[in-house]
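Below: the structure, in structure tokens.
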Amino acid sequence: MFKRKLVGSLAFRVLFSSILFIVTPLIFYALYIYEVDYQEKLNDVFTEMHLYQKDQTNLIHQIESSNLNFLKAIYELITLIQEQSGTSSLNKIDLLLKNFSSNENLSAIFYLTVNKDSLLICANSSLKAYEHVNFNPYFNVEYLKSVPDNIFVGKDPVFGHSLFITFPVINKSYEIVGVVGASIALTKLVEKLDTVRKLYDANVTITDNDGKILASTDAKRLHKKFIEVSNFRPKLGEQFIPIKQLPSVNEGYEFYFNHKRRFLTLTEIPKTSAKIVLTLPASSFLTKLYKSLSELASLLLFILIFGGITSFILTIRFTKPLNQLRKVMQQVGHGDLQHQFHKDPLGFEINLLGEQFNQMVISLGNYIEEVKKERAFKEAYQKELQIGKEIQASLLPSGKIDFHELESAIYFQPAKEVAGDFYDWMEKGDNLFITIADGVGKGISGCLYAFDLRSTLRACETIYDDLSEIAIKTNAIFCEDTKENGSFVTAFLAKYHFPTKQLSYINCGHNYPILKRGRGHLERLETSGIAFGVECFDSVELKKIQLEENDYVIFYTDGLTDAQNKEKKLFTEKRLMHIIETGSYNSPEELVKLINLEISLFTKQTDQYDDITILILKI
């Protein structure tokens with residue numbers, strides 16, 4: 001209990017706040033210094049790595065230049081020998097080749113001749129394993145013609161991969177009759193490059209242009225492939241080593257190998273497309289940073305303990321009036337609005353807070369009384385709306401349309417308690433009058449005007465048979481009711497004549513119904529017209545269409561096509577037509593269920609924005 005009171009006390013909170021505002025800036029400053037120091041040391045590491053690679057490329061450049069000069073001299077000797085003896089054999093200078101190869105730490109110096117089949121055959125070599133080997137599977141004359149400076153990294157018949165330095169032997173007809181070359185096995189080359197400088201746990205690797213590892217001082221990396229990625233997820237196969245560029249370092253990368261983070265730089269081997277890859281463990285430069293951070297953490301801990309104890313002792317005395325105010329608040333929280341705060345000699349600002357709390361309690365009591373009155377009013381209002389909803393439901397036709405052989409289905413879902421949408425039908429002899437309408441706005445106002453229009457339409461349908469005359473007469477009466485208050489109702493009026501299966505229709509600013517033929521294709525029942533109540537009109541556009549057995553006619557309001565999902569995208573007429581055209585259903589009821597299912601999947605429980613009405617007929 002004591003521990004709980006201590007943690008929840010004002011003294012503890014003041015202590016916590018003091019420490020927070022003293023230590024937090026120091027922590028942020030320390031983190032800033034750490035970040036700056038980290039970045040500086042990181043740049044230093046990569047600078048050292050770039051210098052290391054510069055020395056490596058200089059070394060390779062020297063090797064290439066010295067060997068190329070030697071090969072030129074060998075070429076001159078070959079030319080001289082050929083002029084004197086008529087043969088290009090190097091048997092006379094074999095010892096010279098072996099000595100140079102050994103002194104320059106080369107894998108081999110060799111001479112390839114071009115036979116009658118244009119094959120490159122090794123005639124002489126400082127390495128016996130090269131002699132009489134056909135080099136065409138590794139490189140041929142045409143390839144050498146395409147290689148700049150005749151220097152390249154390629155497959156080696158003995159060492160797997162080597163750096164080749166070649167010089168073509170050309171006869172008087174300017175044809176290549178042989179090739180003088182030197183090779184350095186990449187395994188030997190990486191060992192030589194690794195000795196250029198001494199860096200902690202550095203690894204040297206040579207890859208081809210695609211990142212495939214050809215040689216490395218770390219044997220575990222052989223036959224793997226470096227691949228640049230933007231992030232380390234998802235994981236790639238074991239044969240890949242993903243590397244990611246560091247945004248704060250120029251031409252610097254990081255990667256993980258054997259669960260350890262390493263840094264990486266790369267550069268091209270001079271005059272080739274192969275690359276030298278240098279890697280270092282990231283932990284090699286972080287040790288000093290961690291030590292500095294631990295020293296700073298010790299200082300912050302001292303400030304926390306010393307300053308915290310002092311702040312806690314000074315704060316305890318000032319908690320008494322606050323505790324009194326807390327108890328008063330608890331009593332008020334339990335419903336005792338008569339409990340009040342009393343001033344304390346050392347209360348200072350707490351006394352002012354207590355007096356304001358007393359005034360708040362008085363105001364709260366008055367507000368509770370007002371809320372009770374408002375709640376009673378809202379409950380009465382909701383009851384009236386429920387009655388309105390029941391009245392609206394009783395005015396709309398119940399059940400299905402029972403007219404000769406017609407099949408039908410109806411879906412009606414208000415956005416609020418009462419709706420501005422309505423649907424209606426009336427049988428008159430062999431004719432069936434059908435109406436679907438949408439009043440401007442939602443709720444009570446839309447509902448009143450919509451059902452005013454419904455009553456007028458039913459009266460006119462009773463008196464008149466002509467659909468155009470019904471629309472004109474109804475609009476004239478409805479305009480008298482709406483006057484110039486801006487209210488209007490869109491509607492689609494249709495008359496179905498059973499003996500001929502002919503549908504006459506008028507559109508008064510409403511959505512076009514969709515006709516699906518029994519053969520499968522869709523049509524829109526398009527006709528122009530303005531909504532009821534906008535202005536009086538003397539004529540309307542009446543159209544007729546011949547229906548056939550198994551045709552579907554789908555009437556609907558814009559609440560269907562304007563249904564929205566969480567991204568504020570609309571359901572749209574296009575999506576509705578796609579459902580009607582491709583859906584699987586055998587009756588109007590199944591089609592209504594299918595449309596409702598698609599709306600639910602699209603809106604994903606988003607609040608309904610507008611009334612939705614669907615009326616479907618099947619001939």
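Structural remarks
- Entries of 192/225; 428/516; 188/244; 198/220; 516/574; 400/574 with Cα pairs more than 18 Å apart: 192/225; 428/516; 188/244; 198/220; 400/574
- Separation in nanometres of the label points that stand 7 Å from Cα toward Cβ, at residue 149 and residue 543: 7.8 nm
- Taken as Cα centroids, region 437-471 and region 512-536 sit 18 Å apart, rounded to the nearest whole angstrom.
- Carbon plus sulfur fraction of accessible area for the chain, probe 1.4 Å, in percent: 55 percent
- Reach of residue 568 by Cα under 15 Å, taken over aspartates and glutamates that are not fewer than 8 positions away in the same chain: 607, 610
- Amide hydrogen proximity for residue 550: with H placed 1.01 Å from N in the peptide plane, the residues at 5 or more positions away or on another chain lying under 5 Å are 619.
- Cα centroid separation - region 563-619 against region 338-367, whole Å: 59 Å
- For region 411-530, the Kirkwood hydrodynamic radius from C-alpha pairs, put into Stokes-Einstein at 20 °C and a viscosity of 1.002 mPa s, yields a diffusion coefficient of 142 µm² per second.
- Residue-span extension gain [residue 602 to residue 195] - 0.36 nm each, minus C-alpha spacing: 139.9 nm
- In region 468-556, the GluC sites (Glu not before Pro) that fall in loop regions by DSSP, at most 16 other Cβ within 10 Å: 484, 526, 535, 541, 548, 549
- Comparing region 505-600 with the 2.2 N^0.38 Å rule of thumb, its C-alpha radius of gyration ratio is 1.22 (two decimals).
- Stretching the chain fully between residue 348 and residue 469 yields a gain of 35.2 nm (0.36 nm per residue, less the alpha carbon separation).
- Calculated on alpha-carbon atoms, Rg and Dmax of region 186-250 in Å: 13.3, 37
- Entry note, region 107-174: relative contact order of 19 percent, from Cα contacts under 8 Å with a spacing of 6+ residues.
- Tensor-based shape of region 221-270 (alpha-carbon gyration tensor, a/c under 1.5 rounded, otherwise prolate or oblate): oblate
- Per residue, the average separation of C-alpha pairs within less than 8 Å and at least 6 apart gives the chain a relative contact order of 9 percent.
- Mean shadow area of the chain over all directions, Cα convex hull, nm²: 54.7 nm²
- Longest to shortest principal axis, alpha-carbon extents of region 123-278, angstrom: 58, 30, 28
- In the distance distribution for region 97-163, Cα-Cα pairs more than 16 Å apart total 50 percent.
- Put simply, when 245-255, 153-163 are sorted by average Cβ atoms within 10 angstrom per residue, most first, you get 153-163, 245-255.
- Value of [θ]222 nm, deg cm²/dmol, for the chain, DSSP H segments ≥ 4, -39500 (n - 2.57) each, nearest 500: -14500 deg cm²/dmol
- The overall shape of region 465-528, judged from the alpha-carbon gyration tensor, is oblate: a/c is not under 1.5, and a/b is no greater than b/c.
- Loop-located trypsin sites (Lys or Arg not before Pro) in region 530-619 (DSSP state not H, G, I, E or B) with no more than 12 neighbouring Cβ atoms inside 10 Å: 566, 568, 569, 604.
- Per-residue 3J(HN,Hα) values for region 402-409, derived from phi via the Karplus relation 6.51 cos²θ - 1.76 cosθ + 1.60 with θ = phi - 60°, read 10, 9, 6, 9, 5, 9, 8, 8 Hz in sequence order (x marks Gly and Pro).
The values are calculated or read from the model by the stated rules, or taken from the named source; none is laboratory data. Small disclaimer: the values here were computed from a predicted structure and weren't measured. Neighbour counts are summed over all protein chains in view; Cβ atoms, including those assigned to glycine, are modelled from backbone coordinates with ideal geometry. What goes into the accessible areas is simple: the full protein's heavy atoms, side chains included, and nothing from ligands, DNA or RNA. Shrake-Rupley method; radii C 1.70, N 1.55, O 1.52, S 1.80 Å.
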